[in-house]
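A quick write-up on the structure given underneath.
The values are calculated or read from the model by the stated rules, or taken from the named source; none is laboratory data. Just so you know, these numbers come straight off a predicted model, no measurement behind them. Note that we place each Cβ from the backbone using ideal geometry, even for glycine, and neighbour counts take in every protein chain shown.
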Amino acid sequence: MKTYAAKMSRRSLDNIMFRLICICLTLFSCCRETAQQEIELEEHERYQDIFPLTQSNFTTEVLDSEEAWIVIFHTGTFTMEWKKMAVALRGVVWVGMIDRREEKDLLRTLGYDMVKTPVARVYHSGHTGSDKRWTDVDSPLDARLHACNSVPDTLATVDDAGLQDFIYQSYASTPTRFPTVIITDEQPSCMLRAMANRYYAFFSFRTMINPSDKDLAIFGQPFKDFELPTIAVLVSKTKDKTDSMTFEAVLYNEDMMGNVNYVNLVKFLFAVNKQYRHTLPGESMAGKRGIVEMRDLLEVEKKRFQVNFLPPVQKAKKEGGLKFTTKVVKDEF
Ligand SMILES: *[C@@H]1O[C@H](CO)[C@@H](O)[C@H](O)[C@H]1NC(C)=O
């Protein structure tokens, strides 16, 4: 009897072991799957929106930067509203955070008010060094307003009459800049101003705000079909400066490139520069890789988001109505 019982229990033990091994294997393979899935981050999760700031890098990152910074003071957590603000301002202004528990020395240097304990501080665009202007703020809305208002507006407008001068100036600089028209129905946003300030060495920006049909006629056809704001980069069909140049516009296309936001606009600019720089007259410097890839700017943007996978950019199709062979551009070249 004993041996039988022992045999039986031995058998059921084997059975249990076998089942356990099966369960382990199943768990293992399923865990492995989840682990693999977790490695692949969604694109938006790869963005760094809020940078930790410490005693060792606050001066170089914030004070020595000409750009606006929103610095959040926290003790381990902050509300979702701040995170949303950072995402909404992605690329437009820099957002950082200081851990109040860890960075006591830094807080002292900054003259942080330990009684009022403001939630955040906006360092304004423009100045650098220890006299960089700042404002303490308590809400994400205030932070956004102060930071955005400090981004300088360097965008002049252009109309059909001014177009020739505008193109001439763009082509006279080194490296040659792409004449680029931002077409909007309102004053250019903080995002557009930030973009124009950063990319001015490669693109010469002008705005057309609520353009008339006459202004738009240079693009051959009204812009009714397009969502505003949009960007039209003018590229010449021939490389030589002749007395009658023909231009076509490379237009930001929402269907192909997604919503108009800073990340997508910047990808568009990188793609245009890469694809069309060699078509520019003058000192295009298209032989220099650093220029064709806008490498210095790339390094800065890469801290915040990926700039690989550039969208294919195309000249507007003729039916799209953006070819202009206008009389406007004639004598100068
Ligand atoms: C500042 O230094 C911290 C700690 O090394 C680092 O995590 C953070 O990314 C740095 N901030 C910036 C803006 O580079």
Taking region 60-86 and keeping residues within 11 Å of the ligand (Cβ to nearest atom) and out of contact with any Phe, Trp or Tyr (no Cβ under 6 Å at 6 or more places or on another chain) leaves T60, E61, S65, V71
Among residues of region 120-154 being among the β-branched types (V, I, T) and surrounded by 20 or more Cβ atoms within 10 Å (Cβ to Cβ), the residue farthest from K83 (Cα to Cα) is V151
- Does Y252 satisfy the condition of being at pLDDT 75 or above, farther than 22 Å from V158 by Cβ and touching a helix residue (DSSP H, G or I) at 6+ places or on another chain (Cβ under 8 Å)? no
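Okay, residues lined up against (1) crowded, with 16+ Cβ neighbours inside 10 Å; (2) at pLDDT below 90; (3) of a type outside the set (F, W, Y):
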{"site": "I291", "(1), (2), (3)": "yes, no, yes"}
{"site": "L297", "(1), (2), (3)": "yes, no, yes"}
{"site": "E301", "(1), (2), (3)": "yes, no, yes"}
{"site": "V307", "(1), (2), (3)": "yes, yes, yes"}
{"site": "P312", "(1), (2), (3)": "no, yes, yes"}
{"site": "E332", "(1), (2), (3)": "no, yes, yes"}
Next on the checklist: On the basis of being out of contact with any Phe, Trp or Tyr (no Cβ under 6 Å at 6 or more places or on another chain), of a type in the set (G, A, S) and at pLDDT 95 or above, does A161 make the cut?
Outcome noted: no
Considering residues that are modelled with pLDDT under 80 and in contact with a helix residue (DSSP H, G or I) (Cβ under 6 Å, 6 or more places away or on another chain), the number found within region 216-238 is 4
Filter region 87-107 for residues that are at pLDDT below 95 and part of a helix (DSSP H, G or I); the one that is farthest from the ligand (Cβ to nearest atom) is A88
*Taking the condition surrounded by fewer than 14 Cβ atoms within 10 Å (Cβ to Cβ) and either farther than 21 Å from L297 by Cα or not aromatic (F, W, Y) (or both), does Q164 pass?*
no
In region 43-59, anything without any contact (Cβ under 8 Å) to a residue 12 or more places away in the chain and either within 16 Å of the ligand (Cβ to nearest atom) or crowded, with 20+ Cβ neighbours inside 10 Å (or both) is listed as S56, N57, T59
